[in-house]
Amino acid sequence: MPEQNTPVVLGVDLGTTSTKVVAFDAAGRERASAGAGYSLREPAPGHVELGAEDVLRAAVGATRDAAARASAAGCTVAGISFSSAMHSLVGLGARDELLTQVITWADTRATEEAEELRPTDLGRALHRATGTPVHPMSPLVKLVHLQRHQPALFAAVRTWVQVKDLLVRRWTGQWVTDRSTASATGLVDLATGDWSADALRVAGVSPVQLPPVVPVTALAGTLTASAAQELGLPARTPVFAGGADGPLANLGVGAVVPGTAALSIGTSGALRVAARAPRVDAAGRTFCYSLTDDLWVVGGATTNGGVVLRWLAETLAPDLSFVAGELGEAPEESLIDLAAGVPAGAEGLLMLPHLLSERAPQWSALTSGVLVGLQRRHGRGHVVRAALEGVCQQLALVADSVEDAGSEITEIRATGGFARSRVWRQLLADVLGRPLSFAAGGQEGSSFGAALVGHHALGNLDMVEAARREVRIGDVVEPGADAAVHARLRPVFASLTDALGPTFRALREFTAEPAGQDAEPAGPVGEPELEQD
């Protein structure tokens, strides 16, 4: 007989390719979950978008299903909180109609603007002031690009928001954005926690075009009658602002004290360590984003994580994908099995897995994927092995840069889809040369972090203390003998980006869009059906 009327918070995690919703009680136990996927769109070179309605539809469906399953398990939904992928940008017109789709963190159309701005005194000052690297992922740089290349569109936009803001508006009728997600836009002053006048001036926008910034625990609003009916929940259910998926992953795995890092590999990857005060690396290798009003995370993000494995499955092993589909298995598992049969170092084959360019620690979007050392004796198992090792080596470079910048790492707690693979877990520990800790129960860090925010806002717990207390380590993977091989190869891997810099730049120029390819839209791209009541 299930417990009756146990209060839970739904942690709604709006990811890059899917939305996951997990119901957690105040003791940190997962009581129900659901999810729904969507696809990235690449309508032009460098443009990586999500359909706004696709995301909103998926969030509604997954939340409705999770709520129903929570009810069947004897739970009562006491509130909703959010985690969201960072760096998105959406432009809305005078009637809140969509003038753009969701421009994602992976979009590189603003590479030219980023490369121009980053090495300047202004670019370095913006990084120090906002904590956000000058990179095409940054909404600030996206806005500079849109103002330059699509001035009519830019002028028509009344409000600039992020994808989570759309969902909060749809469900509550309110426009707000949380300080954690906002801190990754390049538009927020780390010192004040509010919109930066200097950054807004560079971006060409005014504060009235942006939602008000609120703490992650703020009550964003309550479910409207129509949203409640759509979700199968009571009207006026509290909806809390929540935060950014990266910082909330730290909360979700208990990495909330200096020295304990959170590492995640999903579509992309990241490593972050908590800090009691905002801090930016003088060399510009790390970011600094807000978790709470008195806790920040310092680290670096990589663009290429699980997306590399999916690309390999689609292009290198369609036969394995077909067989896996027939067996009801994920094709990525078969690819990982191929990699497991190849020795560490892939017999001299290295891969820069920069399929979507790259971010930390170099923060240049000019890079692309490269195989180095390819010989006739190498098969697809070697390529897969080199790709996985490359993903892990990039994260090792991030860890090195975080420590070089003054943040000690004494423990790494890992989360993300990769953690389901025993082979990948061991490979990452070997490449990092450090033990990896995994939370008991394998809960998704970001959705659990979002739920903790909701329970904190409801007065059920202190979210930081609960994260430290409730997160239990279920497994520790120690580096093995292969760690020495990867340590030997790391400086070779690290040298590739700079050594190939002229090649990357020449290829970028060769494939550059002709001037004026960013066409001005004829009008709205769609109505998001946002709540007004």
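Looking across segment 59-88, the residues that are among the aliphatic types (A, V, I, L, M), crowded, with 24+ Cβ neighbours inside 10 Å and over 19 Å from Leu223 (Cα atoms) come down to Ala85, Met86. For Gly348, the criteria (1) more than 14 Å from the chain's Cα centre (by Cα); (2) within 29 Å of Ser447 (Cα to Cα) hold in every case but one, which is (2). Checking each residue in segment 23-58 for being open to solvent by less than 40 Å² (accessible area, probe 1.4 Å) and either in a loop (DSSP other than H, G, I, E, B) or out of contact with any Lys or Arg (no Cβ under 9 Å at 6 or more places or on another chain) (or both) picks out Gly28, Tyr38, Ala44, Gly46, His47, Val48, Gly51, Ala52, Val55, Ala58. Determine if segment 207-221 includes at least one residue that is part of a strand (DSSP E or B), touching a residue at least 60 places away in the same chain (Cβ under 8 Å), polar (S, T, N, Q) and in contact with a strand residue (DSSP E or B) (Cβ under 7 Å, 6 or more places away or on another chain). No, segment 207-221 contains no residue that is part of a strand (DSSP E or B), touching a residue at least 60 places away in the same chain (Cβ under 8 Å), polar (S, T, N, Q) and in contact with a strand residue (DSSP E or B) (Cβ under 7 Å, 6 or more places away or on another chain).
Yes/no per residue for (1) open to solvent by 30 Å² or more (accessible area, probe 1.4 Å); (2) modelled with pLDDT under 95; (3) touching a helix residue (DSSP H, G or I) at 6+ places or on another chain (Cβ under 8 Å):
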| site | (1), (2), (3) |
| --- | --- |
| Val208 | yes, no, no |
| Pro211 | no, no, yes |
| Val216 | no, no, yes |
| Ser226 | yes, no, no |
| Gly232 | yes, no, yes |
| Val239 | no, no, yes |
| Gly242 | no, no, yes |
| Gly252 | no, yes, yes |
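The set of residues from segment 460-500 being among the charged types (D, E, K, R), open to solvent by 40 Å² or more (accessible area, probe 1.4 Å) and farther than 27 Å from Pro247 by Cβ comprises Glu478, Asp482, Arg488, Asp498.
Of all residues assigned to segment 140-162, none qualifies as being of a type in the set (Lys, Arg) and either under 26 Å from Ile80 (Cβ atoms) or without any contact (Cβ under 8 Å) to a residue 12 or more places away in the chain (or both). Do the conditions hold for Leu92, that is, is it open to solvent by 10 Å² or more (accessible area, probe 1.4 Å), in contact (Cβ under 8 Å) with a residue 24 or more places away in the chain and touching a helix residue (DSSP H, G or I) at 6+ places or on another chain (Cβ under 9 Å)? No. Scanning segment 148-163 for residues that are under 25 Å from the mean Cα position of the chain (by Cα) and more than 27 Å from Gly242 (Cβ to Cβ) yields nothing. Residues in segment 177-193 that are in a loop (DSSP other than H, G, I, E, B) and within 23 Å of Leu146 (Cα to Cα): Ser183, Ala184, Thr185, Gly186, Leu187, Asp189.
Filtering segment 404-417 to residues that are assigned to a helix (DSSP H, G or I) and either modelled with pLDDT of 95 or more or not acidic (Asp, Glu) (or both) leaves only Gly417.
Which one is farthest from Ala85 (Cα to Cα), of the residues in segment 1-47 that are touching a Phe, Trp or Tyr at 6+ places or on another chain (Cβ under 8 Å) and of a type in the set (A, V, I, L, M)? Once the filter is applied, the top-ranked residue is Val8. A single entry from Ala67, Ala72 fulfils the requirement of being touching a residue at least 12 places away in the same chain (Cβ under 8 Å), over 19 Å from Ala244 (Cα atoms) and touching a helix residue (DSSP H, G or I) at 6+ places or on another chain (Cβ under 8 Å): Ala67.
The one condition from (1) in contact with a helix residue (DSSP H, G or I) (Cβ under 9 Å, 6 or more places away or on another chain); (2) open to solvent by 10 Å² or more (accessible area, probe 1.4 Å); (3) under 30 Å from Arg488 (Cβ atoms) that Thr315 does not meet is (1). From the residues in segment 163-174 that are out of contact with any Pro (no Cβ under 7 Å at 6 or more places or on another chain) and crowded, with 21+ Cβ neighbours inside 10 Å, which one is nearest to Val208 (Cα to Cα)? For segment 163-174, the residue satisfying everything is Arg169. How many residues are out of contact with any strand residue (DSSP E or B) (no Cβ under 7 Å at 6 or more places or on another chain) and of a type in the set (Ser, Thr, Tyr) when one looks only at segment 270-316? Adding up the residues that qualify gives 2. Restricting segment 329-388 to residues that are among the acidic types (Asp, Glu) and outside any helix (DSSP H, G or I), the residue that is farthest from His87 (Cα to Cα) is Glu329.
Table: residues versus (1) of a type outside the set (D, E, K, R); (2) crowded, with 18+ Cβ neighbours inside 10 Å; (3) modelled with pLDDT of 95 or more; (4) within 22 Å of Leu356 (Cβ to Cβ).
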| residue | (1), (2), (3), (4) |
| --- | --- |
| Asp121 | no, no, yes, no |
| His135 | yes, yes, yes, yes |
| Ala155 | yes, no, yes, no |
| Val161 | yes, yes, yes, no |
| Val176 | yes, yes, yes, no |
| Ala182 | yes, yes, yes, no |
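Of the numbered criteria (1) modelled with pLDDT under 95; (2) surrounded by fewer than 16 Cβ atoms within 10 Å (Cβ to Cβ), the one Glu531 fails is (2). Step by step: first the residues of segment 281-312, then only those that are under 27 Å from Val213 (Cβ atoms) and either part of a helix (DSSP H, G or I) or open to solvent by 40 Å² or more (accessible area, probe 1.4 Å) (or both), then the one that is modelled with the lowest pLDDT. Which residue is that? It comes out as Ala282.
Can you name the number of the only condition in (1) open to solvent by 10 Å² or more (accessible area, probe 1.4 Å); (2) closer than 25 Å to Glu332 by Cβ that Leu436 fails? All conditions are met except number (1).
Could you tell me which residue of segment 184-206 is nearest to Met86 (Cα to Cα), considering only residues that are among the hydrophobic types (A, V, I, L, M, F, W, C) and open to solvent by less than 20 Å² (accessible area, probe 1.4 Å)? This residue is Ala184. Kindly check whether there is at least one residue in segment 99-118 that is assigned to a strand (DSSP E or B) and either of a type in the set (A, V, I, L, M) or without any contact (Cβ under 8 Å) to a residue 24 or more places away in the chain (or both). Yes, because at least one residue in segment 99-118 is assigned to a strand (DSSP E or B) and either of a type in the set (A, V, I, L, M) or without any contact (Cβ under 8 Å) to a residue 24 or more places away in the chain (or both). Could you go through segment 369-377 and let me know if any residue there is closer than 16 Å to Thr302 by Cβ and crowded, with 24+ Cβ neighbours inside 10 Å. No, because not a single residue in segment 369-377 is closer than 16 Å to Thr302 by Cβ and crowded, with 24+ Cβ neighbours inside 10 Å.
The values are calculated or read from the model by the stated rules, or taken from the named source; none is laboratory data. This structure is a prediction, so every number in the text was calculated from the model and none was measured. Note: ideal-geometry Cβ built from the backbone for every residue, glycine included; neighbour counts use all protein chains shown. All accessible areas refer to the heavy atoms of the entire protein, side chains included, with ligands and DNA or RNA removed. Shrake-Rupley method; radii C 1.70, N 1.55, O 1.52, S 1.80 Å.
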